[in-house]
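Written out below as structure tokens is the structure these notes cover.
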Amino acid sequence: MEDFTNTPDTLLLDFHGEMIDPEDARFDAARGVWNAMIDRHPALIAQCRTVGDVQTAVRLAAARDLPIAIRGGGHNVAGHAVCDGGVMIDLSLMRGVTVDASARVAKVQGGALWRDVDAATQAHGLATPGGLISDTGVAGLTLSGGIGWLRAQHGLAIDNLVAADVVTADGTLIHTSAEENPELLWALQGGGGNFGVVVGFEFALHPIGPEVMFAAPIYAVEDGPEPIRAWRDFLDTHGDFVGSLCEFSTAGGEDFPEEHWGKRVYTLACIYNGDPAEGEALLKPLSELGNIVTDFSGRMNYCDVQQLFDTLMPAGEFRCYWKARYLTDLSDEMIDLAMANALAAPSDNSLSSLWNFGGATAKVTADATAFGDRSMGWMYSLDGVWTDPGDDDANIAWSREGWSNSERFGHRGRAYLNFPGLGEDNAALTRATFGANYERLVEIKTRYDPQNRFRFNQNIAPTV
Ligand SMILES: Cc1cc2nc3c(=O)[nH]c(=O)nc-3n(C[C@H](O)[C@H](O)[C@H](O)COP(=O)(O)OP(=O)(O)OC[C@H]3O[C@@H](n4cnc5c(N)ncnc54)[C@H](O)[C@@H]3O)c2cc1C
């Protein structure tokens, strides 16, 4: 490996982005990320415009023996996009997307957000599975799996990742695909930001919409769990082509009847991305499962579906602690527990949700991607969201309590590594989640990042 120990700062002559140090007036804005709890001070922020800039920033960090945090969309709730004392490589100036509609492939720069991808691909009537919120970064979401509305028919984001360009710890640019450096592509399919800075992603695209059917009937928690049980049974039959989640929240605002304001409710949200008329008929029974609080169901453009929940989650405004575990199945007891946990949330802004799997997601074998085992039936996510720092302890305790009290329903001790909590040592959880893939990931990490320069993630430590 090249030795950068004495590299002079003349490296900066080749840098076309913005170098922001702690003395710079832009520093505080640039170090801020989505979760308002995160307050870290890097030694330097390198806002890159080009792949060459990323190589320069990586070499600069190596020359100073500093660790690197990578900011894609900055949405990671654990705040892994920013670190204390290291170099923060910020890709927010690299958000380009190009679509080859005939080949059904999108090339996406490493700092793009899902809204960038959805807009560019839907212009051609195409899409690739992303997440549920449009300003989440493509990079972080994809590299740890990527669970979105299209998962039933088209799998996780990683299942559609066909190639990538990566700047590794020594500043080398590596192309990886099924033909070239396939081990690295495999590692990127779930192994997180451990292996280098992904400057370009290539995703397979599928015909979607533009109009799709989206169901979103809302029921009151006080009216009981029967609608959730019926929804679960509905997904037992239709889950191979309907992506869905049951989201617990608190009713409020003009969209809800006033008598429900401040009460806990749940939305049975489902997408059917085939013929919208067929979808309307198929999903209608979900709106007939009990007393409806309100119903947002309807035909809508796919891009609008992708932005439906955005207003619930404005960037930088809320303090957050989120944690999610996989469930083997969704038993009546687990549903009752999820209802009780939702009622116990200390903050009205907190959410919790039950996500189904199956379909294309479940068909991928455990060793086909670094992500690992796909035999979990469900996921349970606890999203503590609040505003006052004085409420930190109560809200973190709520998420952790829900995480612990659902353990008996968990699937092989595995968690979704994009909702990793914050502040705890997750090494054992990370290892359990990768399962039999862990040792192979350690080998790849050791090859591409032997000094663990990229360590602000669900870290896979290299062997020394
Ligand atoms: C409001 C909200 C909604 C969400 N909804 C979903 C959802 O529907 N489905 C889902 O699966 N997840 C969801 N998530 C979780 C989300 O996937 C993670 O927070 C993810 O880490 C965000 O990616 P990012 O690029 O914005 O994050 P960042 O904070 O920028 O980075 C996260 C991690 O990825 C690494 N990284 C970032 N960019 C790169 C890169 N270019 N190359 C290499 N490593 C990189 C970073 O080092 C860091 O470790 C949601 C999160 C939030 C806050």
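All of the numbers you see were taken from the coordinates with simple rules; none came from a lab. These numbers come from a predicted model, not from an experiment. Positions of Cβ are generated from backbone atoms using ideal geometry, with glycine treated the same way; all protein chains shown enter the neighbour counts.
Short version: what are the Cα gyration tensor semi-axes of the stretch 9-90, square root of 5 times each eigenvalue, largest first, in whole Å?
Equivalent ellipsoid of the stretch 9-90: 20, 12, 12 Å, largest first.
Towards the positive end of the charge dipole of the stretch 211-431, with charges on Cβ (+1 Lys, Arg; -1 Asp, Glu), say which of H411, G316, Y219 has the farthest Cα.
The residue sitting most towards the positive pole is H411.
Dipole of the stretch 9-90 (Lys/Arg Cβ +1, Asp/Glu Cβ -1, origin at the Cα centre): which of A29, V54, P42 lies farthest to the positive side?
The Cα lying farthest towards the positive end belongs to V54.
May I ask for the net charge around S249, where only other residues with Cβ less than 13 Å from the Cβ of S249 are counted and Lys, Arg are +1 while Asp, Glu are -1?
Neighbour charge sum, excluding S249 itself: -2.
Taking every alpha carbon pair in the chain, what does the distance histogram look like in 10 angstrom bins from 0, in percent?
In whole percents, the pair-distance histogram is 4, 21, 32, 26, 13, 3, 0, 0.
Have a look at I147, P276, L66 and report the one farthest towards the positive end of the charge dipole of the chain, computed about the Cα centre with Cβ charges (Lys/Arg +1, Asp/Glu -1).
Result: L66.
Might you report the magnitude of the Cβ-based charge dipole of the chain about its Cα centre, with Lys and Arg at +1 and Asp and Glu at -1, to the nearest 20 debye?
Computed about the Cα centre, the dipole is about 980 debye.
Quick one: net charge of I460's neighbours, Cβ under 14 Å, K/R +1, D/E -1?
Details: positive: R431, R440, K445, R447, R453, R455; negative: E183, E439, E443, D449.
Around I460, the surrounding residues sum to +2.
How do 300-309, 81-90 rank on mean C-beta neighbours within 10 Å, highest first?
With the highest mean Cβ count within 10 Å placed first, the list reads 81-90, 300-309.
Is the stretch 285-430 rounded, prolate or oblate when judged by the Cα gyration tensor, a ≥ b ≥ c being the square roots of its eigenvalues, rounded requiring a/c under 1.5 and prolate requiring a/b larger than b/c? Write out the running numbers ahead of the final one.
Numbers: a/c = 1.38, a/b = 1.03, b/c = 1.35.
It is rounded, given that a/c, with a ≥ b ≥ c, falls under 1.5.
Taking the Cα-to-Cβ direction at D332 and at W261 and moving 7 Å from each Cα, how far apart do the two end points lie in nm?
3.7 nm
At a Cα cut-off below 27 Å, give the lysines reachable from K284, other chains included and same-chain residues fewer than 8 away excluded.
Cross-link targets: K263.
Work through the residues other than C303 whose Cβ is under 12 Å from its Cβ and net out their charges, Lys, Arg +1 and Asp, Glu -1. Walk me through the numbers before you get to the answer.
Working: positive: R115; negative: D116, D118, E211, D304, D310.
Once positives and negatives cancel, what remains is -4.
Which order do peptides 367-379, 431-443 fall in by mean Cβ count within 10 Å, highest first?
My ranking of the peptides, most packed first, is 367-379, 431-443.
Report the Cα-based extents of the stretch 97-208 along its three principal axes, largest first, to the nearest Å.
Its Cα atoms span 39, 26, 22 Å along the three principal axes.
Please compute the alpha carbon radius of gyration of the stretch 204-325, then divide it by the globular-protein estimate 2.2 N^0.38 Å. Two decimals is fine. It would help to have the intermediate numbers written out before the result.
Working: Rg = 15.1 Å, N = 122, 2.2 N^0.38 = 13.7 Å.
Expressed relative to 2.2 N^0.38 Å, the Cα Rg reads 1.11.
Using helices alone, what [θ] at 222 nm do you get for the chain, with -39,500 (n - 2.57) per DSSP H run of 4 or more residues, divided over all residues and rounded to the nearest 500?
Roughly -7000 deg cm²/dmol at 222 nm, from the helical runs in the chain.
Would you mind calculating the relative contact order of the stretch 97-208 from Cα pairs under 8 angstrom and at least 6 residues apart, reporting the percent as a whole number? Don't jump to the answer; show the numbers that get you there.
Numbers: 238 pairs, mean separation 35.5, N = 112.
Result for the stretch 97-208 is 32 percent.
Can you work out the base-10 log of I(q)/I(0) for the stretch 134-197 at q = 0.19, 0.24 1/Å, using the Debye formula on its C-alpha atoms alone?
Taking Cα atoms of the stretch 134-197 as identical point scatterers yields -0.70, -1.02.
Which cross-chain or sequence-distant (5 or more) residues have an amide H under 5 Å from the amide H of G155, H modelled 1.01 Å from N in plane?
A360, T361
R0 = 41 Å: FRET efficiency of F241 with A394, Cβ-based, nearest 0.05?
Numbers: r = 41 Å, r/R0 = 0.99.
Efficiency, rounded to the nearest 0.05: 0.50.
What does the extension gain come out to for R104 and A340, with contour length at 0.36 nm per residue minus their alpha carbon separation?
80.5 nm
In debye, nearest 20, what is the charge dipole magnitude of the stretch 97-208 about its Cα centre with +1 on Lys and Arg Cβ and -1 on Asp and Glu Cβ, if you could check? Could the numbers behind the result be given before it?
Details: 4 positive and 11 negative charges, 70 e Å.
So the magnitude is around 340 debye.
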